[in-house]
Amino acid sequence: MTAAVATARVVRQAIACGARDHFELWTVKSWVFGWLVRVFSQVTFFALIGRMLESPAQTEFLLIGNAVVVAGSSAVFAINNTTAERAYGTLTLLVASPSPPAVVFTSRGLYVAADGVLTALLALAVVGPLFDLSYPFPRALLVIPLTALIGLAAYAFSTFLAGLILRKREANGLVVNATIVSLMALCGVNVPIQFFPAPLEWLAHCLPVTHGLIAIRATLAGGDAAAILGNAGLELAVGAAWLTIALTTFGRFIGHGRRDGSLDFAS
Amino acid sequence: MRAFTAGFRLQLRTIGAYPDAVIPFFTAPMFAIIFLLIFDHAGREDLTAYALVAPVFIALWWLALFQAGWVISIDRWNEVLELLVAAPGGFAQAVLGRIVAVTAAGVVSFVEVWLVARLLFSASVEIHHPWLFGATVVATLAAMAGTAVVLSGLFVLTRNAATFGNSASFPFYVLGGILVPVSFLPDWIQPLSRVVFLSWSADLLRGSLLPGPVDDAWLRLAMVVLLGAAGFAGGHLLLSYVLQRVRATGDVARL
């Protein structure tokens, strides 16, 4: 069996395991009446600010930004997977197995990113019309792959963060919440990134969501194809960069934990 | 009173020991930055008070939902609930002491949000009605503690407590009008908002920060107190039911 086939098998099983976890956590009823209602309310909360400002343009900006960022912020929840493995006592077994832990973890939480993408698209589709947004068809369909791209880029970023806090389980909740609210603040979700001071604008360029969101706004506003493709390419590049960093550093973080025995026992 | 004090002190130590407990103290200033950026970008500095009130409610609600609401459930998981129920000290007083400690810690977010506005946005934040502001803060903290008592009972009795906890943030922020007043919501939903104490508190706090008279201030303050008291009463009934049931079955941790 070639290494590629073996890796593909690990990926498939890790995805299946993650998906099963997801369906243990959520039933269809709790997902619809719990999670979806929460996300729709979140998008409504920000869209209402535009209505209070009596600005349809602001309403549209805030609604689209806060719906799309759900794809990114949901992917950040994947950080929880790593600490969950520790809580279940299975992390050391995974680390001891011959499969690279980075491949397992990268695949295991993909369902979280998929869930986020679906939720973000549903928020756009349901909450948008409530605030008189109309989407230009068929070009609006391009929003689907762009949102998926954002979800994957954010997922790569969150995989890096998961490695970073692997031995600091107590910081998990803080890192997840801080990352989500930072993405909301910095990635052009609520105000254009040009409104920030230059250092923050540069930081925004290095984060997931920023360029994908610009591409989505351009798509829905009837922008030219070059701008859309350019920003989609940048989102892809940011995601690929974070994935590379995640894969490079994850083994190192695990190695530290193996050396000092802290994978299971540090807080 | 000793049980209350012991619960209060225990919870303060817990807050210091677990980073999760300080999450709202990071997110509240970040939400303040987001809201201030939106209003700054829109050229609406007149809405600064709105941007400062909302993050405080987000922090308080988070504390009620994820810290105070879970005190009994966490005791069950740590297998100390049996000891607490069997102890001669008052169970309800100890739980209340812990919940009040969490709620009182929320005051920190007021200071943080004020500092963000002052230092990052050079916004002048003046309390135009200090007595009303003080009274509303106290009534809001009490009502939040009352809500947390209800949640702590519900979380013990409900199988899907975690799901509810994760989902009950933004729906209540919208219904409570913590940033955008309830008057901007559709007419059919506004009566529902009026039974959420957040809507009365948020209106009053915004009003106390703005110049100009605040209409029906004491009546609205009474509504916050009334809804908070209803929370305490409901919570007390729920906790009594929980205690009665665990004592009858003798199966505290597996309720």
Report yes if some residue within the range B:57-64 is of a type in the set (Gly, Ala, Ser), touching a Pro at 6+ places or on another chain (Cβ under 9 Å), closer than 30 Å to residue A:190 by Cβ and within 14 Å of another protein chain (Cβ to nearest Cβ); otherwise report no. yes
Looking for something of a type outside the set (Gly, Ala, Ser) and either within 14 Å of chain A (Cβ to nearest Cβ) or assigned to a loop (DSSP other than H, G, I, E, B) (or both) - is there at least one such residue anywhere in the range B:217-232? no
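Yes or no, residue by residue, for (1) farther than 25 Å from residue A:168 by Cβ; (2) of a type in the set (A, V, I, L, M):
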site: B:4; (1), (2): yes, no
site: B:14; (1), (2): no, no
site: B:40; (1), (2): yes, no
site: B:53; (1), (2): yes, yes
What tally of residues in the range A:79-94 results from selecting those that are within 13 Å of chain B (Cβ to nearest Cβ) and assigned to a loop (DSSP other than H, G, I, E, B)? 0
Single match in B:197, B:184 (criterion: at pLDDT 90 or above, more than 22 Å from residue B:139 (Cβ to Cβ) and in contact with a helix residue (DSSP H, G or I) (Cβ under 7 Å, 6 or more places away or on another chain)): B:184
Does residue A:189 satisfy the condition of being part of a loop (DSSP other than H, G, I, E, B) and surrounded by 20 or more Cβ atoms within 10 Å (Cβ to Cβ)? yes
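Here's the yes/no breakdown for (1) closer than 17 Å to residue A:37 by Cβ; (2) not β-branched (Val, Ile, Thr):
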| residue | (1), (2) |
| --- | --- |
| A:86 | no, yes |
| A:99 | no, yes |
| A:102 | no, yes |
| A:106 | no, no |
| A:114 | no, yes |
| A:119 | yes, no |
| A:123 | yes, yes |
| A:127 | yes, no |
Sole residue being at the interface with chain B (Cβ under 10 Å from one of its Cβ atoms), of a type in the set (A, V, I, L, M, F, W, C) and farther than 15 Å from residue A:115 by Cβ, chosen from A:43, A:39, A:11: A:43
Of everything in the range A:30-48, what is of a type in the set (A, V, I, L, M) and without any contact (Cβ under 8 Å) to a residue 12 or more places away in the chain? Give them in sequence order. A:32, A:37, A:48
Residue count, the range B:184-199 (criterion: surrounded by fewer than 12 Cβ atoms within 10 Å (Cβ to Cβ), under 22 Å from residue B:226 (Cα atoms) and not aliphatic (A, V, I, L, M)): 1
Only one of A:83, A:147, A:119 is in contact (Cβ under 8 Å) with a residue 24 or more places away in the chain and under 15 Å from residue A:208 (Cα atoms), namely A:147
Of all residues being surrounded by fewer than 22 Cβ atoms within 10 Å (Cβ to Cβ) and among the hydrophobic types (A, V, I, L, M, F, W, C) in the range A:49-81, which is nearest to residue A:145 (Cα to Cα)? Just the residue, please. A:77
Could you tell me how many of the residues in the range B:166-195 are assigned to a loop (DSSP other than H, G, I, E, B) and away from chain A (no Cβ under 13 Å)? 2
Out of B:85, B:80, B:95, I need the residue that is β-branched (Val, Ile, Thr), over 25 Å from residue A:173 (Cα atoms) and either touching a Lys or Arg at 6+ places or on another chain (Cβ under 9 Å) or at pLDDT below 85 (or both). Which one? B:85
Given (1) farther than 30 Å from residue A:29 by Cα; (2) of a type in the set (A, V, I, L, M, F, W, C); (3) surrounded by 17 or more Cβ atoms within 10 Å (Cβ to Cβ), index of the condition residue B:119 fails: (3)
Across the range A:51-78, the tally of residues that are of a type outside the set (Val, Ile, Thr), more than 9 Å from chain B (Cβ to nearest Cβ) and part of a helix (DSSP H, G or I) stands at 13
Quick check on residue B:15: is it among the β-branched types (Val, Ile, Thr) and out of contact with any Pro (no Cβ under 9 Å at 6 or more places or on another chain)? yes
Looking at the range B:107-125, is at least one residue out of contact with any Phe, Trp or Tyr (no Cβ under 6 Å at 6 or more places or on another chain), more than 14 Å from chain A (Cβ to nearest Cβ), within 25 Å of residue A:186 (Cβ to Cβ) and of a type in the set (Lys, Arg)? yes
Touching a helix residue (DSSP H, G or I) at 6+ places or on another chain (Cβ under 6 Å), within 14 Å of chain B (Cβ to nearest Cβ), surrounded by 15 or more Cβ atoms within 10 Å (Cβ to Cβ) and part of a helix (DSSP H, G or I), is that true of residue A:201? yes
Sole exception among (1) within 14 Å of chain B (Cβ to nearest Cβ); (2) over 21 Å from residue A:228 (Cα atoms); (3) in a helix (DSSP H, G or I) for residue A:132, by number: (3)
Tell me whether the range B:1-18 contains one or more residues that are within 12 Å of chain A (Cβ to nearest Cβ), of a type in the set (S, T, N, Q) and more than 19 Å from residue B:123 (Cβ to Cβ). no
Is it the case, given these coordinates, that residue A:215 is within 14 Å of chain B (Cβ to nearest Cβ) and surrounded by 17 or more Cβ atoms within 10 Å (Cβ to Cβ)? no
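The values are calculated or read from the model by the stated rules, or taken from the named source; none is laboratory data. Everything numeric here is computed off the predicted structure, so don't read it as measured data. Because the Cβ atoms are built from the backbone with ideal geometry, glycine has one as well, and the counts that use them run over all protein chains shown.
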